[in-house]
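Read-outs: derived from the displayed coordinates by stated rules, not from any lab. These figures come from a predicted structure and were not determined experimentally. Positions of Cβ are backbone-derived with ideal geometry, glycine not excepted, and every protein chain shown enters the neighbour counts.
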Amino acid sequence: MAAPAVIELNNLCKTYGDHRAVDHLSLSILKGEIFGLLGPNGAGKTTTILMMLGLTEPTSGSVRVCGIDPVRNPIDVKRKVGYLPDDVGFYHHMTGLENLLYTAALNGIPRAEAEKRAWELLEQVNLTEAAHKKAGKYSRGMRQRLGLADVLMKRPDVIILDEPTLGIDPEGVRELLRLIRDLSRNEGITVLLSSHQLHHVQQICDRVGLFVNGKLLAEGNMERLAQQLFLQDSYVIHVAASPLDASLRAKIEAIPGVNKVEQTENELDVYCQTDVSAAISKTIIESHASLFHLSRRHFGLDEIYHRYFEGRDAR
Amino acid sequence: MKAGKEGRWENDGFSYAKRWGERLKAGGLDEKKRTRGASSAFSAIVKKELADYLTSWRMIILIALILLTCFGSLYTAMTTIRDALDSSDEAKEIAKGAYLFLKLFTVSDGTLPSFVTFVGFLGPLLGIALGFDAINSERNRGTLSRLMAQPIPRDYVINGKFVAALMLNAVLFLSLGLLVTALGILVLGIPPTFEEFSRIVCFLLLCLVYIAFWLNLGILFSVLFRQAATSALSALAVWLFFNLFYAMVVEVFAKSFLQPDAITSVEQAVSHQELVLGLMRLSPSYLFNESTTALLSPDVRTLGIVTVEQTAGAVAAPLPFSQSVLLIWPQATALIAATLICFAIAYWLFMRQEIRASG
């Protein structure tokens with residue numbers, strides 16, 4: 001049986017004046033899972049997160065985090081949930097270690113224990129050398145890693161990360177994502193992360209929810225997401241063969257399940273409903289052409305995103 | 001549109017109250033454990049804020065300025081008093097009865113303003129400097145949302161800042177006042193009587209309230225304005241207005257609208273004067289000046305207007321301490337009320353504000 005739901009949103013709505021930021025959102029996130037909340041800027045991701053923490057009150061609908069209602073008991077929720085805001089800030093005049101200790105004090109952790117935990121976490125996020133450096137001198141990536149350590153100070157059950165990869169260089173992103181994944185796998189922490197950078201989310205998330213204009217358009221793992229969004233053309237197979245003439249192309253188009261074929265010189269993109277790689281390779285070999293390359297293109301989120309918004313108004 | 005907004009607010013207010021009730025009910029069980037953890041969190045905030053104030057250059061410069069000016073004015077007051085004392089032995093005897101000690105705070109030889117003037121002038125500046133970026137700097141640095149994600153009630157942040165700033169003020173002004181008293185004893189060789197001492201303590205408390213007013217105004221602006229510079233400038237503008245321009249505005253108003261030339265009877269003159277005085281008393285700095293004058297100069301018998309008939313039977317003697325306190329009671333109450341109102345508005349706004357990392 002599946003793990004119990006840690007975060008449950010039920011018909012959640014939030015309106016600002018006439019603008020509906022979150023529109024009847026229902027979502028449940030299971031224990032130990034990494035869930036990616038994906039959407040363009042202004043889709044209502046941050047608002048949703050704030051409602052989970054009880055920092056904003058929902059207009060209607062209900063939220064439960066770890067079985068607690070954040071509207072009524074925000075402090076109990078915040079005891080269990082760590083939140084890393086986008087563009088996390090630290091007190092510039094305090095060192096990284098002091099910032100962590102301050103968080104610990106706010107959480108009522110005794111000083112000795114806090115110090116031990118802070119050093120452990122600093123080691124984990126690879127900031128041991130910068131521990132005594134003023135937080136104002138930290139680079140963006142360092143700040144983000146310190147933010148992660150800060151969130152973990154209270155030993156949370158759930159961590160919510162708002163755009164954790166924004167503005168960090170690729171190597172930093174990889175490191176951060178690896179850290180997040182390790183945390184989830186080794187300590188069983190449930191992770192909710194929001195982003196508009198799709199390939200980052202894709203690397204580590206178990207499930208993804210696509211969130212646009214306050215509505216959840218689709219959710220599930222990558223493949224299900226693709227199926228939900230594009231009922232046909234769920235697979236794209238990339239073929240490179242030579243010679244690639246019209247008759248071969250016609251043969252490939254005739255394979256059952258193939259919807260569309262796009263050709264660029266000696267390469268083909270075959271859009272199909274089911275995985276027909278075997279049939280394609282067979283067709284090519286049988287027409288005595290040489291097959292150089294055949295791969296099933298995985299649907300990246302970029303692709304999903306791009307194709308979803310292709311031809312319609314994204315905003 | 002506007003009506004709709006108000007309706008929503010009302011609605012919000014109602015649901016707030018309902019939720020508070022529910023929160024209270026839910027929180028009954030492990031209340032003890034929770035409050036212990038919470039109070040340590042509160043003291044952590046106060047400690048950190050206090051440390052921030054004490055190490056910030058802004059505060060160091062302001063405190064240095066206050067110390068310098070206060071001791072400067074004290075020095076001139078001391079030399080003036082000592083010269084008067086040295087002139088004859090009789091003077092010493094008279095001095096004992098004439099609340100000489102309080103003169104330390106009010107006398108000046110014309111080169112430097114008196115201690116009271118300096119405190120009345122620089123105190124607000126200190127208050128504003130302590131408060132003007134309390135909330136918006138946290139917001140701009142992105143630390144507010146991080147702070148809000150910790151298991152502390154939201155009001156801890158604003159309360160903690162207020163308490164820390166007030167503590168700093170209390171320590172600064174009480175120690176300053178006591179230092180002045182000690183120096184006075186050393187230099188003049190006359191110990192203050194108990195009454196003089198109580199007047200000084202009362203004066204210092206009043207300073208504290210007055211500074212707390214400006215502090216709260218600063219905090220209020222820091223909640224209202226997102227930019228620290230905007231809030232600092234607006235707070236300074238209010239301060240300048242009340243310190244310099246308000247009296248002029250009232251005067252212009254009295255001259256042009258109340259038509260002093262048309263006054264024919266005593267009653268009219270009195271009511272005219274009372275109206276002007278009432279207008280003046282809307283300014284916190286005027287209230288402060290009035291009450292410090294009454295406290296530190298026992299000869300001041302009234303803060304309103306008196307006719308010649310009323311003074312006819314009066315004995316020209318200084319008021320006892322309790323009577324002076326009675327005299328300034330309305331002023332002190334008004335100052336405290338203004339302070340509380342400022343804080344209440346700031347608190348209310350802060351509790352309702354959206355916490356967002358950006359925007």
Q: With +1 on each Lys and Arg Cβ and -1 on each Asp and Glu Cβ, and nothing else charged, work out how big the dipole of chain A is about its Cα centre, in Debye to the nearest 20.
A: 820 debye
Q: Mind checking the full-extension length gain between A:R181 and A:R111? Use 0.36 nm per residue of separation minus the Cα-Cα distance, one decimal, nm.
A: 22.3 nm
(Q) Please give the charge dipole size of the protein assembly as shown, origin at the Cα centre, charges +1 on K and R Cβ atoms and -1 on D and E Cβ atoms. Round to the nearest 20 debye. (A) 1280 debye
Q.
From the phi angles alone, apply the Karplus equation (6.51, -1.76, 1.60; θ = phi - 60°) to region A:167-174 and give each ³J(HN,Hα) in whole Hz, x where the residue is Gly or Pro.
A. x, 10, 6, x, 5, x, 4, 4
Q: Give the calculated FRET efficiency between B:K47 and B:T111 to the nearest 0.05, with a Förster radius of 45 Å applied to their Cβ-Cβ distance.
A: 0.60
(Q) Suppose the chain between A:S62 and A:S295 were pulled fully straight at 0.36 nm per residue; how much longer would it get relative to their current alpha carbon spacing? (A) 79.4 nm
(Q) Between B:F245 and B:T302, what's the calculated FRET efficiency when r is the beta-carbon distance and R0 is 22 Å? Round to 0.05. (A) 0.25
Q: Please name whichever of A:H92, A:P110, A:L152 sits farthest to the positive end of the charge dipole of region A:5-227, dipole taken about the Cα centre and charges placed at Cβ: Lys and Arg +1, Asp and Glu -1.
A: A:P110
Q) Taking only C-alpha pairs under 8 Å that are 6+ residues apart, what is the relative contact order of region B:96-249 in percent? A) 41 percent
Q. For B:F197 and B:I185 in one chain, what is 0.36 nm times their gap in residues minus the Cα-Cα distance, to one decimal in nm?
A. 3.1 nm
Q. Considering the dipole of region B:227-306 built from charges on the beta carbon (Lys and Arg +1, Asp and Glu -1) around the Cα centre, which of B:V250, B:L236, B:L296 is farthest to its positive end?
A. B:L236
Q | Over region A:235-298: Rg over Rh, Cα atoms, Kirkwood Rh | A | 0.90
Q. Which entries in the list A:K78/A:K116; A:K116/B:K48; A:K80/A:K116; A:K134/B:K161; A:K45/B:K47 go over 25 Å, if you measure between the two C-alpha atoms of each?
A. A:K45/B:K47
Q) For A:L217, which sequence-distant residues (separation of 5 or more, or a different chain) have an amide H within less than 5 Å of its own amide H, given hydrogens modelled in the peptide plane? A) A:L210, A:F211, A:V212
**Q.** Whole-Å distance, taken between Cα centres, linking region A:32-69 and region A:118-178
**A.** 22 Å
**Q.** region A:5-227: relative contact order in percent, alpha carbon pairs under 8 Å with at least 6 residues between
**A.** 29 percent
Q: Restricting things to alpha carbons, tell me how big chain A is in terms of Rg and Dmax, in Å.
A: 23.5, 77
**Q.** Pairwise FRET efficiency - A:S26 versus B:A229, Cβ, R0 = 41 Å, nearest 0.05
**A.** 0.40
Q.
Amide H of A:A21 versus every other amide H placed in the peptide plane: which residues, excluding those fewer than 5 positions away on the same chain, fall under 5 Å?
A. A:K14, A:T15, A:Y16
Q.
Return the equivalent ellipsoid semi-axes of the protein assembly as shown as a descending list in whole Å, where each equals the square root of 5 times an eigenvalue of the C-alpha gyration tensor.
A. 71, 27, 22
Q.
What do you get for trypsin sites (Lys or Arg not before Pro) in region B:203-304 restricted to DSSP loop and a cutoff of at most 14 other Cβ within 10 Å of the site's Cβ?
A. B:R226
Q) Projected onto the charge dipole of chain A (+1 at Lys/Arg Cβ, -1 at Asp/Glu Cβ, origin at the Cα centre), which of A:T128, A:P164, A:G214 gives the Cα projection farthest towards the positive end? A) A:T128
